[in-house]
Structures are given as structure tokens and as C-alpha cells.
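Colleague: Take a look at this one; I'll ask things after.
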Amino acid sequence: MPSKTIKEIQDLILKGNANCEKVVKHYLSSINEQKHLNAFIEVFEEEAIERAKEIDLKIREGNAGKLAGVVVGIKDVLCYKDHSLTCGSGILKGFKSLYTATAVQKLIDEDAIIIGILNCDEFAMGSSNETSVYGPTLNAVDNERVPGGSSGGSAVAVQAGLCTVSLGTDTGGSVRQPAGFCEVWGLKPTYSRISRYGLASYASSFDCIGTFTNSAEDAALLLEIMSGEDEKDSTSSSSAPENYQLEESTTKTYKVAYLAEALNHEGLSPQVRDVFQETLSKIKEAGNQVEEIKFDLLPYLLPTYYILTTAEASSNLSRYDGVRYGHRSDQAENPEMLYKKSRTEGFGPEVQKRIMLGTFVLSADYFDAYYVKALKARKLIRNKTLEILKEYDFIITPTAPTEPFKLGEKNKDQMEMYLGDVFTVQASLCGLPSLNIPFSNKKSGLPVGVQITGKPFKEKDLLQAGNFFSKL
Amino acid sequence: MKINKETVRKIAHLARLELNESQEESMISELSEILDWVEKLNELDTEGVEPLINISGEVNRWREDEAKLTISHKEALKNAPEHDDDFFIVPKVVE
């Protein structure tokens, strides 16, 4: 089945050339053939086929939802009632969700079929999918390379045709960077646009549910369905969801800013710089205004991000205590030992390190010097970024500073791994919508993503422009 | 900032983690490296800047304080490593 996008699949079904059952079986056999990629943690084989039959009936009766025929994989941090949720961690092995995340439920209500749970970095902490307790997911373009992270399984599932679309989560780039590494569309909406209810928290003031798709149109449709106010998430935006459907032909051009500090960044690889500059030239030739601007706060983005996200993580992950759910050490003689041993046995090294760092910056002696300082820096960064976006429609950067790197290449040097998020954290710190547009290096054949970040709640403009730029 | 063994032990206790000697050593070097790096923020003049404490722009929404059944007793206990019909079971608190 060469069809890839939602529209293509639904057209096939409409013309009678396929039905949901066939579509599901097609994906199941692709998943089986490509097991070595380690994208799925669990596949709901029989359940997906059963559900496909029900939806085929609805299609015949003419009352199917907007996502009939669409097969979805979800990242292992999203709750789906009575199904496993482990956050890629040993501490949650065996856990079954008691309820379904609002975003997932909205897809199901439109007749999407959930086919399985996708691999990710432990508690979404990582940029290469190598911190998962299930082992790394492999990049389908080159199995020696990482798919990016933390939503690496979600990116590969769409890249390798194992499902139609997938859900990931993005705290500092965890949708956009793997989308860039796997040459698929990756959208992180405005913070609060999609309810976080049922998303296992990492850093609550950053976490966003996002999508991996084969087209900008697919991302627009999923966003339209998932967005909206939710009484179960008091941070969810009360602004009315929009019609995100893209205009077919438009002559609209845009004003785009690129950051001098990003283009001259010492960590930017020459291959990525080439693809990025070529893209900038094409965008300019197509009649858009492309200008270089100064953003002297760039070196402060990652430090601010790591202080705040680890602080929030240390607080959020305190719930894993071996009492009510999750791993419990059998070595504990009293409650304090129970907490300590269960957590130490259950969490992997990267998660422990981030909990330690977060606990440190929140501890009485260091709270003002680190945590409050970073909250102030976040304010400066947001103000400056919004100022830029008053004058420009988008900020454009490479999604990641390098091409997808080799497995094991960066996990010896934590700083090098963290630097991989240098361009994605700006939108996360500011709560802005941001999109990976899939491109590749024509010489090496390796994926290289280009990222555009837009004004709050202007996802439609972002997708419309991304679609336009991708076709140049 | 270089942190010492005493600090790492104090933080590990606050975080309810138990590190062995070699984990303590690597934690000291990794955390010190990260702290040196994030201290770059000290270069930023944040005098008079209000900390950003709400990224969503929404304000708290009040609702009626009504008792509602969200999950059953049985469901709540279902994922517990050790429980009886009514309670989570933990090791003895008082000797």
C-alpha cells in the first residue's frame, strides 16, 4: 500500500479499493517485517482488527468519523485505559492506565484506530531514544543511526510506514528533533492548545502533545480534532479551537527571520548549514522576505531550560514511590527504604541525574541563585522572542545542529547530547508553536529538518507556510 | 560550581535516591559540569525582571466542589505492588 497520508488512505477506502481491516493488516505486517527497528513496545493486533471491522461497518452505514481508516501509534507516556503505560521506564513496568488521555480519546471518538504503544526515552528525557529501558529505536534510513528523541519510536513509526500518524510529546524538542532526524512532519502546538490530561508529566510548564505525520494537512486535521479546552487540565487554553484546514492555493508570502547566532553556532555541522542555507535561498526566491536578526540570548536558552525542566521533573517524579503503583523493591524494611530502593532500582541513570539536578536547584540554599534566576531568564527570553515575532511571521532555524548521529556516539558526553536541543528549546521556553519541515541532505541522503516557530495560536499559518516552503 | 560528597548525599536523600560510592563519584562530576555550564546565566542582568510563573496565560477556573466518582476503590488498588481489599500495604512504619 503506497498510500501514506490520511487523505490518500481515505480516498482508497471511499473508492472501495481498501477497507479499514485491510489497512490495519497492512500496517501489522509492516510492523512485523520491521521489528528490528524496535519502534513499538506493544502492538494491539487483535484489538485493532476488531475495531477496524466496527469502523468498516460505520463507513457502510455512512456515520463514520473524520479519522476513519487512520491508524495511530501513541508514545509510551500517554494514557490509554486498560493498556500499558511505562514511560520507557523500569519503574512503571506492568502499569495499566485507569483512564484515557483527552487527546487520545478525541482521536478515538473520530474513529481513529490505536495500533500500539511507541518506544521513547525514559520519561521523555533524552535526545536519541537511547535511555529507554526497552533499548534504542533505530532510524529506518540507516540502522546504525539514532532516530532522535525523546519521541524516537513515534518518528520511526511514521517514517517506516508502521502507522498513518503518531502522537509524541515535546518538552524541549522531543517531537521536532526526531521528526527532523526521520524526515517526517513534526508539530509542537502552542503550550495549552491540546489538553495534557493523561500525559505523564515531565516538566508541566513545557510539556505539549504533538504529532508526526506524512503531510502538513494531516498535522492540521489532527490538531483540529485534539485541540480545545478541557476541564481536566486547568492550563488548557479557553480560546476556541480553529479550523486549521490548509488553503489549497494561496499567493501569500511571509516575513521570516533567521538568527545570526544560530547560523554561526559552533556546534552547527557544515552539512546542516548547507541544507539550511539552500532552503533559505529558495524561500527568498519564492518571494518571501528573509532577514538576519540578532538574538543575543541564544547561549542562555539551554541553561534556562535545563534548570527549569529538571526542577519540575524532580517534583513531578516524586510520585513514583513504590507504594501505589510501579516497581517496589523487595529489599525494603521501612517506608523510607522502600522509597529510596524502589526509585533507585526503577529509574535509569539519566532520570536519576535530572531528578538530582532538579532537587539541587530547588533546595533551600540554591533556590534563588538557580531556579528563580532561570524563571527570570525565561521571562527575558519570552519577551525578546515575542518582540521578534511582532515584526516577523516566523523564526527559522535548523531543527537540530547535526544530521542523525550514530548510536552510542553522544551518550558518553552529556553536554554534547544536551547541545542537540539548542534550536528547539526556544519555542518550548516561550510556549510557542513550532514545526519541523522535513528535508534531507541530497549528498548523504540523511534527513535534515528545518524548523519554523510562529506566533501563539497561529498554527494554521505555521502549517500553511511549512507546506509552501517544503514544496520549493 | 563544584559540589562535594556531602552535598550529593544530602540531595540524594531529599530526592529519595540511594547512590553507591561509584554512582556518587560520577554524579559529582556530571552535576558539577552541568552546574558550571548553567551558571552562564549569572552573566544576564535580571535586575527588576519578574519571574515567569505561568506560561499558559489561563487563570484558575473555579468549579463546584462536588463529590464525583472518578475511579473505583478496586481500580485504584489495581496497580499497587501490594494491597488487600481496602488498603495499600507498606512495610511497618513503627517498630
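The values are calculated or read from the model by the stated rules, or taken from the named source; none is laboratory data. All of these numbers come straight from a predicted model, not from anything done at the bench. In this analysis, Cβ positions are derived from the backbone assuming ideal geometry, glycine residues included, and neighbour counts consider all displayed protein chains. To get the accessible areas, we keep the full protein, side chains included, count just its heavy atoms, and leave off ligands, DNA and RNA. Shrake-Rupley method; radii C 1.70, N 1.55, O 1.52, S 1.80 Å.
Colleague: Could you list, in sequence order, the residues of region A:87-125 that are farther than 19 Å from residue A:232 by Cα, touching a helix residue (DSSP H, G or I) at 6+ places or on another chain (Cβ under 6 Å), open to solvent by 10 Å² or more (accessible area, probe 1.4 Å) and part of a loop (DSSP other than H, G, I, E, B)?
Modeller: If the condition is that a residue be farther than 19 Å from residue A:232 by Cα, touching a helix residue (DSSP H, G or I) at 6+ places or on another chain (Cβ under 6 Å), open to solvent by 10 Å² or more (accessible area, probe 1.4 Å) and part of a loop (DSSP other than H, G, I, E, B), then A:110 is the only one that fits.
Colleague: Being touching a His at 6+ places or on another chain (Cβ under 8 Å) and over 26 Å from residue A:372 (Cβ atoms): is that true of residue A:342 here?
Modeller: Criteria met by residue A:342.
Colleague: So, residue A:207, is that one surrounded by 15 or more Cβ atoms within 10 Å (Cβ to Cβ), acidic (Asp, Glu) and over 15 Å from the mean Cα position of the chain (by Cα) or not?
Modeller: Spelling it out, it is not the case that residue A:207 is surrounded by 15 or more Cβ atoms within 10 Å (Cβ to Cβ), acidic (Asp, Glu) and over 15 Å from the mean Cα position of the chain (by Cα).
Colleague: Identify, by number, the condition in (1) out of contact with any Asp or Glu (no Cβ under 9 Å at 6 or more places or on another chain); (2) of a type outside the set (Val, Ile, Thr); (3) without any contact (Cβ under 8 Å) to a residue 60 or more places away in the chain; (4) open to solvent by 30 Å² or more (accessible area, probe 1.4 Å) that residue A:371 doesn't meet.
Modeller: (3)
Colleague: Here is a follow-up. Out of everything in region A:48-58 that is in contact with an Asp or Glu (Cβ under 9 Å, 6 or more places away or on another chain) and closer than 19 Å to residue A:26 by Cα, what residue ends up being surrounded by the fewest Cβ atoms within 10 Å (Cβ to Cβ)?
Modeller: Ranking the qualifying residues of region A:48-58, first place goes to A:53.
Colleague: Go through (1) closer than 15 Å to residue A:159 by Cβ; (2) open to solvent by less than 10 Å² (accessible area, probe 1.4 Å); (3) more than 13 Å from the chain's Cα centre (by Cα) for residue A:193 and report which single condition fails.
Modeller: The number of the failed condition is (1).
Colleague: Can I ask one more? Inside region A:417-429, can you point out the residues that are outside any loop (DSSP other than H, G, I, E, B) and either in contact with a Phe, Trp or Tyr (Cβ under 8 Å, 6 or more places away or on another chain) or surrounded by 24 or more Cβ atoms within 10 Å (Cβ to Cβ) (or both)?
Modeller: A:418, A:425, A:426, A:427, A:428, A:429 - these are the residues of region A:417-429 that are outside any loop (DSSP other than H, G, I, E, B) and either in contact with a Phe, Trp or Tyr (Cβ under 8 Å, 6 or more places away or on another chain) or surrounded by 24 or more Cβ atoms within 10 Å (Cβ to Cβ) (or both).
Colleague: Separate question: Quick check: is even one residue across region A:393-416 among the acidic types (Asp, Glu), more than 14 Å from every other protein chain (Cβ to nearest Cβ), within 29 Å of residue A:129 (Cβ to Cβ) and outside any helix (DSSP H, G or I)?
Modeller: yes
Colleague: Right, here's the next one. Can you give me the ranges of the helices (runs of 4 or more DSSP H) entirely in region A:267-367 with at least 1 residues that are at the interface with chain B (Cβ under 10 Å from one of its Cβ atoms) and among the small types (Gly, Ala, Ser)?
Modeller: Here the list reads A:298-316, A:335-346, A:349-362.
One line per residue, one yes/no per condition, for (1) among the charged types (D, E, K, R); (2) out of contact with any helix residue (DSSP H, G or I) (no Cβ under 8 Å at 6 or more places or on another chain); (3) under 25 Å from residue B:10 (Cα atoms); (4) free of Cβ contacts under 8 Å to residues at least 12 places away in the same chain:
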| residue | (1), (2), (3), (4) |
| --- | --- |
| A:268 | no, no, no, no |
| A:285 | yes, yes, no, no |
| A:290 | no, no, no, no |
| A:298 | no, no, no, no |
| A:306 | no, no, yes, no |
| A:317 | no, no, yes, no |
| A:320 | no, no, yes, no |
| A:329 | no, no, yes, no |
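Colleague: Tell me, please, whether a residue that is surrounded by fewer than 20 Cβ atoms within 10 Å (Cβ to Cβ) and either touching a Pro at 6+ places or on another chain (Cβ under 6 Å) or at pLDDT 95 or above (or both) can be found in region A:167-181.
Modeller: no
Colleague: Could you identify the single residue in A:156, A:104, A:146 that is among the β-branched types (Val, Ile, Thr) and closer than 21 Å to residue A:435 by Cβ?
Modeller: From the options A:156, A:104, A:146, the qualifying one is A:156.
Colleague: Checking residue A:231 against (1) within 14 Å of chain B (Cβ to nearest Cβ); (2) modelled with pLDDT of 95 or more; (3) open to solvent by 40 Å² or more (accessible area, probe 1.4 Å): exactly one of these is not met. Which one?
Modeller: For residue A:231, the failing item is (2).
Colleague: Shifting gears a bit: Considering only region A:289-304, how many residues are touching a Lys or Arg at 6+ places or on another chain (Cβ under 9 Å) and open to solvent by 10 Å² or more (accessible area, probe 1.4 Å)?
Modeller: The number of residues fulfilling the criteria is 7.
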